Structures are given as structure tokens and as C-alpha cells.
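The next block holds one structure in the form of C-alpha cells; read it before the comments.
Every number in this text was worked out from the coordinates using simple rules, so none of it is lab data. Just so you know, these numbers come straight off a predicted model, no measurement behind them. Reconstructed Cβ throughout: ideal geometry from the backbone, glycine too, with neighbour counts over all protein chains shown.
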Amino acid sequence: MTPLHKQCLLGERLSGELLLDCHAHIGRHADYIIPRNQPEELAEEMRRLNVRGAFVFQFTGVQTGEVAYGNDVIADSCCRVPRRFMGLTMVNPCFECDVMPELERCRGLGFAGVKLITSYQGYPDDGPLFEAICGFAHEHHTPILNHWWGSKLEEWLQRFPQAQFITGHWDPGRAELVRRYDNLWVCTCLPIAHESFEIGMRDLRPDRVMWGSDMSDLQFGVGLGPILLARVDEEVKRRVIGLNMLELLETCGIPAPDAWDP
Amino acid sequence: MDVDSFAALPDIVDAYCSLGRWKRPVAADFYGHDTTSLIDEMDQKGIAQAIVHHSLSRLSHPIDGNEQAMKGIEGEPRLHACWSILSKASREYPVFEEYIEDAFQRGVRCFAVFPRFGAYPSGHDTSVREFVRAGTFVVFEERRFPVFIDFGGDPTGGTDDTDWEALRYLLEAHPDLPVILCEHRLRGGSRLLPGVMDDHPNLHIETSGLWNYMALEQIAWQWGADRLIFGTRSPWRSVGLALGMVTMACLSPEERGLILAGNIRRLMEAVQ
């Protein structure tokens, strides 16, 4: 039994490891209860497990056009818990005129990148506004995470090489693209099926897979368990749970969150 | 909130997993658990014992599936069978109570029902209200057999499958029956569960569907860790997902120990 495997079974704090989370939410959800959902409470749970920081974004804009409200929730969270949460601006391209001003407004507020969830919002995955949004991420050298990238992803990877594209969810089917484009990263959220993580890692570049918890939608152990307990080399696990995201932050010039005090 | 870790590797019993091939393969190179693959997975993940039902008992016929489960656990002391049942009134058991006694004599200490009316072609159609009306659960309540109940129409997927009103009907009729609710994924049900948990102390929740943030912890905090039973739903669910959810939970080692093994052992040992 390897050290990370054992630490997971023992429920130990992952002290000495670097954990960075590329997919997290803050706010209330329409569909279910989220206990302890305040930013300070979420940060406390991150501290307990030694998760240094996370890309965070809203729930509100998933089901409505009120993305500014949700982005303000994120901005407020980043102020209340400094240097743990790195905000990604959510936009809803169905409300076309709002998109670019909201990206600019949130950049001014210190947001680190862009979050899209167009498949839920009802916007086509090859819609024309993607050009402008990906162009914005390219211009500012930021990450851009989409819940589900559509068929034009390769075209955008080529045209916008300074944008760092992140798949919102576990998508080993992108392995071929990941091999050819350094600006494509795969989020682990969520290897639900039997040995899904191991099977995906057979094809994926180990330096382009990043752990995403989906906190505060999902519990941390739900996403960490399949990685820490996997039949996969420990050094690959370490890359996935934090080292790869550290490289992404450095690529984008985003300051990495500090280690927690012991 | 700081919580302590286990001092040593915890005792773990997977209370909800299965043997056999289902309607489709689990993966291209993995068709479903046989005894060897299940034991291998348990060894790798640190699981001491497992309670298994057979795919036939859910997708075909419980009487056939239960016998296949017995064959699957034969000579393997780490595995325990969970038998599935139909309504007592279905006329498929010559003497229902004798069938249950036979199970007990053969070491069975828990049962499962899959009461999903409209499940066809994913499983047999039944109704929990009909189970209750027919007196099916009387013998289980008298003898304190734990009963798993899983309303999922598609046993390999789904969200919020539970028929909460039917569940209430069962719990109200049998307040001393240890009922263990299984969900593939609990989402909207998180707003219905609290009232049923308040009203029915005999309701327990199998953990594999509690993915949501602090859903597991919330149940332990509000109603006690003794209401939670660890299960993986293997081979359809990553065992790592189900296990990490409990071992890394924001709960004390004592609470996590109850969930991982203590509660199901207590329930099975109480069977008369």
C-alpha cells in the first residue's frame, strides 16, 4: 500500500503534499441543500485537508441570466478569504450584450479566468460568441474552463494558443488533443465508474490532468478517493492533485496560494 | 473543524456490491464482478468483507439470483450473501417464511428489494406498497433482518429515484424494521430526506449515493452516524469514490468506523 493510498484510508490530512483544485463552486444551489456553504467554512474544510487553493465560480448563472449576481458572490468570497479562492468569471452567451462587459468588469475585480457552462444554458457549443470569449482568454493569458467543450475545440486551441483550455469534467476522450496541444488540460471531476481514473490515465498525458473537486457541489473525498486509491504511480497522483495546476498558474502568471500554516 | 485520523487502518465492510453480468458490460475489458475480481478489488482497496447480491436477483429473478449469490460466496468467508425478494403475495414462494428461514440457516443476514414499478426492461416490476400490503416485511421486522431498498429503475445510473411516499408507507407500517435506503445519486432528495429521517429512526442510508458536499456529514451530525451504512455499488461505481467519501469525511474516527463497518455488523448480529 503506497503512502497516498494509506493516508486516504486513514483519513489523514495530506500534509507535505501540494493540493490545488481546478473546479469549485461557491453559493446556494437550486436543486439541493449545501451545508456549511459560506466561504470561510469552505476554506476551513480546505485547510483541514490541506487544499491550498481553488478556481471558484458560481451556481446562479447555470440556470439563469443573472451571472453578475453570481460573479459578485465570487468576488465577495475572494475578498472574505484572501488568496485561497481564484475566481473564474461566468458568462451566459444567450445574453449576448452582457458577455464582454461582464468579462471586463470581473477582470477589473481580480478574477483569474473564465468559466463557461453553455450546454446547461442552452447556447450552442459552436456558437459565434465563443470566438470573442476565447479571444479574451487568449489576450489576457488566462484559463478558460467549459463544462463541456464542443466540436470546435481543436480549432480554438490552434487559434488561441495563449488561452489555457480546461475541460470542466473528466473527459479522457480528449487524450489525442491533449497530446498535440500544450494549452489543453483535463479536469478529473468526476471518475464515477469502476477504475475510470485508471482507464483514462492509460491515454492521457500525466502532466495535463488536474484534480477538480466540484466543491461545494460535491464532497472533497468523492473526487480525491478515486485518485488517491487508484492503481496509478504515486508521482502521477502528485502531479494530478496539485503539481500540474501549479504549472498552469505559473503559465498564466497567477500567484499560487500559499501553504497553510502547520 | 479539525478531526483526527484513524490510528490504524480501519475495518471496512462493503454492504452494497454485486456479482454477475448486468445488462451491459461495465467496461470493454471488464464485464462485471466474479468472486476473483471482487476479492482482488477488496484487497487493493483495503476492504475486509463484503455483502453481495447477484445481478440476476435484480434484473432477472430473485430466486435464481439468490442461488447464484450463494455459489459466488462459496468457500470465501469474506463474502456474505444478500438475498433479494418479491412480494409474499406473488405466489412464487410455497411458504414464504420457510424460504426466509432457509436463507437464515444458510447464513444470510440481510435482504434487498428493488421495488421499481415501471422498471422493465431494466428489471422486474414491483411495488413497495404491494410488498407492504401483502405482509412481506412482517417476518423481517420480527426477526430484525436489515432490508436494503433501492428504487432505481436503471441500477447502473440515475438520480433521485426514491419514491419517498412509498418509503414512508413502509416505515410507518414497520417501525422496527431496519431499512437501508440506497440511491445512485441523492440530489433533490436531500430536501425530502430530513423529514423522513426525523420521523423514522429505523431508516438508514447506504452511502454510495451521497456525493454532495457534506451530505454524508450532515446526516451524521443531524441524526447520528449510526444511521449510515457504507456501500460501494461496485462494479458500477468507483470504489475509490465511495471509500474516499467516508474515510476523508469531516467526522471523528469513531463515527467513520461506525459507518465503514460497525453499523452493518451490529444490524446483522441482531438478526434472530
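Pairs of Lys residues in the protein assembly as shown, spaced 8 or more positions apart or belonging to different chains, with C-alpha separations under 23 angstrom: 5 in total. In plain terms, the C-alpha convex hull of chain A casts an average shadow of 12.8 nm² when viewed from every direction. At an R0 of 41 angstrom, the distance between the Cβ atoms of residue A:247 and residue B:102 translates into a FRET efficiency of 0.10. With 0.36 nm allotted per residue and the present C-alpha distance subtracted, the residue A:15-residue A:207 stretch has 66.9 nm of extension available. Taking 0.36 nm per residue of separation and subtracting the current Cα-Cα distance, fully stretching the chain between residue A:96 and residue A:180 would add 27.0 nm. Inter-chain neighbour count for A:9-18: the average number of beta-carbon atoms from partner chains within 10 Å of each residue's beta-carbon is 5. The residue list A:257, A:15, A:215 was ranked by how far each Cα lies along the charge dipole of chain A toward its positive end, using unit charges on Cβ atoms, and A:15 comes out on top. Taken about its Cα centre, the stretch A:92-194 carries a charge dipole of roughly 300 debye when the Cβ of each Lys and Arg holds +1 and the Cβ of each Asp and Glu holds -1. Judged by the gyration tensor of its Cα atoms, with axes a ≥ b ≥ c, the stretch B:1-120 is prolate; a/c meets the 1.5 cut and a/b is the larger of a/b and b/c.
Measuring between their Cα centroids, the stretch B:137-168 and the stretch B:220-237 lie 14 Å from each other. Only helical runs count toward this figure. For chain A, summing -39,500 (n - 2.57) over DSSP H runs of n ≥ 4 and dividing by all residues gives -11000 deg cm²/dmol at 222 nm. Here the spin labels are modelled as points 7 Å beyond Cα on the Cα-Cβ line, and at residue B:70 and residue A:131 they lie 7.0 nm apart. What you get for the stretch B:13-269, charging only the Cβ of Lys and Arg (+1) and of Asp and Glu (-1), is a dipole of about 340 debye around the Cα centre. Between residue B:252 and residue A:231, the modelled labels are 3.8 nm apart [label points 7 Å from Cα along Cα→Cβ]. Each eigenvalue of the Cα gyration tensor of the protein assembly as shown, multiplied by 5 and square-rooted, gives one semi-axis; in descending order these are 43, 23, 22 Å. Rounded, prolate or oblate: pick one for the stretch B:20-72, where a ≥ b ≥ c are the square roots of the eigenvalues of its C-alpha gyration tensor, a/c under 1.5 means rounded, and failing that, prolate if a/b is larger than b/c, else oblate. It comes out oblate by the Cα gyration axes. Note on residue A:76 and residue A:104: the extension gain reaches 8.4 nm, defined as 0.36 nm multiplied by sequence separation minus the Cα-Cα distance. Compactness of the stretch B:115-221, taken as the C-alpha radius of gyration over 2.2 N^0.38 Å, stands at 1.04.
Taking 10 °C and 1.306 mPa s as conditions, chain B diffuses translationally at an estimated 86 µm²/s according to Stokes-Einstein applied to its Kirkwood radius (Cα pairs). Among B:86, B:132, B:36, flag the residue with its Cα farthest along the positive direction of the charge dipole of the stretch B:13-269, charges on Cβ as +1 for Lys/Arg and -1 for Asp/Glu. Comparing the listed Cα positions along the dipole, B:36 ranks first. Using only Cα positions of the stretch A:185-262, each an equal point scatterer, no hydration layer, compute I(q)/I(0) via Debye at q = 0.18 Å⁻¹ and quote the log10 values to two decimals. Each listed q maps to, in turn, -0.75.
Distance from the C-alpha centroid of the stretch B:68-113 to that of the stretch A:28-45: 42 Å, rounded to the whole angstrom.
Charge dipole of the protein assembly as shown (Cα centre as origin; +1 on each Lys and Arg Cβ, -1 on each Asp and Glu Cβ, all else neutral): 320 debye, rounded to the nearest 20.
With the convex hull constructed from alpha-carbon coordinates only, the stretch B:60-192 shows a mean projected area of 8.4 nm² over all directions.
Spread over its residues, the convex hull of the C-alpha atoms of the stretch A:40-161 is 108 Å³ per residue.
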